[in-house]
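Single-structure report; data block below.
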Amino acid sequence: MMNSAATEDGIVDRPRGARSDRLHAQVIAATQELLREGGLNAATVDAIAQRSGVSKATIYKHWPSRTAVAAKAFGRMMAEALPLPDTGSTREDLSEQVRRVSAFYDSDLGAVFAQLIAACVDDPAGAAYFRKYFLDGRRAAITDLWQRGIDRGDADPSIPIDDVIDVLFGPLVFRRLTGHYALTDEHARTLAQTALAGLLPIGDGIAARTDHNEQLA
C-alpha cells in the first residue's frame with residue numbers, strides 16, 4: 001500500500017510539523033522494539049500501528065511499505081550500537097570496527113539485517129530506504145573515519161573509500177547472508193589484519209606508494 005508520492009530517490013516526502021515528527025518517532029521506536037523481539041516478521045504494519053498508537057493510514061503517509069519503516073528503524077539501531085572508535089590510529093579504529101560489525105552481524109540483529117536484504121529484493125521502495133537509512137549511513141561513518149586518517153597522515157588518500165569499505169566489511173556481509181562460515185572474533189581480527197596490510201602500509205608505505213603511483217601516471 002502506498003498513499004504518498006515518493007521523491008526521485010524513492011523516499012516518501014512525509015508530512016512535517018511537531019505532531020507529524022512526534023508520530024514519526026513513535027513509529028520508529030515501536031518498530032525497533034518489534035524488530036528486537038521477533039525480527040522483521042514481527043514488525044508488520046498492523047503490529048507497528050498497535051504498538052505505536054499511530055494509525056495504519058498515518059504510517060503509510062510517512063513510509064511506502066513495512067520494509068521501508070523497518071529499514072529506517074534498523075539503520076538507527078545499528079548506528080547506536082556501533083559508534084565509531086577514535087583511538088588516534090586509523091589501523092586500530094578500523095580493526096576495532098570490523099570486530100564490532102562482525103559481532104553485530106553474528107547477533108540476533110544480524111538476522112534482521114539478512115531479513116531486510118531479502119525483503120528488499122521484492123520491494124523496490126523498501127530497498128530505497130535501506131540504501132538511504134542503512135547503507136548510506138554506515139558508509140558515511142567509515143568515510144569520516146578514513147578522512148580522519150588522511151588528515152593525520154596514516155591513511156592513503158589515493159585509495160577510493162568505497163573500495164576500503166567493501167574490502168573490510170564485504171566479507172562479513174557475505175558470511176552473514178550465506179552462512180558458509182561462522183562470524184567469529186578470530187576471523188574478524190584476521191580479516192582486518194590481512195586487509196589493512198594492503199590498505200594501510202606500515203611506516204613510510206603511504207608516501208612510498210603515493211610516489212610510486214605518481215611515477216606510473
Of all residues in segment 153-176, which are over 13 Å from the mean Cα position of the chain (by Cα) and assigned to a helix (DSSP H, G or I)? 161, 162, 163, 164, 167, 168, 171, 174, 175, 176
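Would you check if residue 154 is acidic (Asp, Glu) and modelled with pLDDT under 95? Talk me through it step by step, then tell me what you get.
Numbers: acidic (Asp, Glu): yes; modelled with pLDDT under 95: yes.
Yes: the conditions hold for residue 154.
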Can you tell me how many residues in segment 89-99 are assigned to a helix (DSSP H, G or I) and surrounded by fewer than 17 Cβ atoms within 10 Å (Cβ to Cβ)? 1
Looking at segment 125-139, is at least one residue more than 14 Å from the chain's Cα centre (by Cα) and part of a helix (DSSP H, G or I)? yes
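Are any residues in segment 16-32 within 21 Å of residue 130 (Cβ to Cβ) and surrounded by fewer than 17 Cβ atoms within 10 Å (Cβ to Cβ), and if so, which ones? Can you show your working first?
So the first thing to find is which residues in segment 16-32 are within 21 Å of residue 130 (Cβ to Cβ), and the list is 24-25, 27-32.
Within segment 16-32, 25, 29 qualify.
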Cβ-Cβ distance below 8 Å, separation of 6 or more or different chains: which pairs start in segment 136-153 with a residue that is at positive phi and end on one that is surrounded by 12 or more Cβ atoms within 10 Å (Cβ to Cβ)? 153/206
How many residues of segment 40-59 are surrounded by fewer than 18 Cβ atoms within 10 Å (Cβ to Cβ) and outside any helix (DSSP H, G or I)? The answer is 3
Among the residues of segment 192-205, are any at pLDDT 95 or above, in contact with a Ser or Thr (Cβ under 6 Å, 6 or more places away or on another chain) and on the phi < 0 side of the Ramachandran plot? yes
If we scan segment 64-81, do we find a residue that is touching a residue at least 60 places away in the same chain (Cβ under 8 Å), under 18 Å from the mean Cα position of the chain (by Cα) and surrounded by fewer than 17 Cβ atoms within 10 Å (Cβ to Cβ)? yes
Return a yes/no flag: does segment 157-168 have any residue that is on the phi < 0 side of the Ramachandran plot, charged (D, E, K, R), surrounded by 15 or more Cβ atoms within 10 Å (Cβ to Cβ) and assigned by the TED database to the domain that holds residue 87. no
Is it the case that some residue within segment 114-121 is over 30 Å from residue 186 (Cα atoms) and within 15 Å of the chain's Cα centre (by Cα)? yes
Could you grab me the full set of residues in segment 60-71 that are assigned to a helix (DSSP H, G or I) and either modelled with pLDDT under 95 or farther than 15 Å from residue 21 by Cα (or both)? 60, 61, 62, 66, 67, 68, 70, 71
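The values are calculated or read from the model by the stated rules, or taken from the named source; none is laboratory data. This one's a predicted model, so the numbers in the text were calculated from it and none came from an experiment. Positions of Cβ are backbone-derived with ideal geometry, glycine not excepted, and every protein chain shown enters the neighbour counts.
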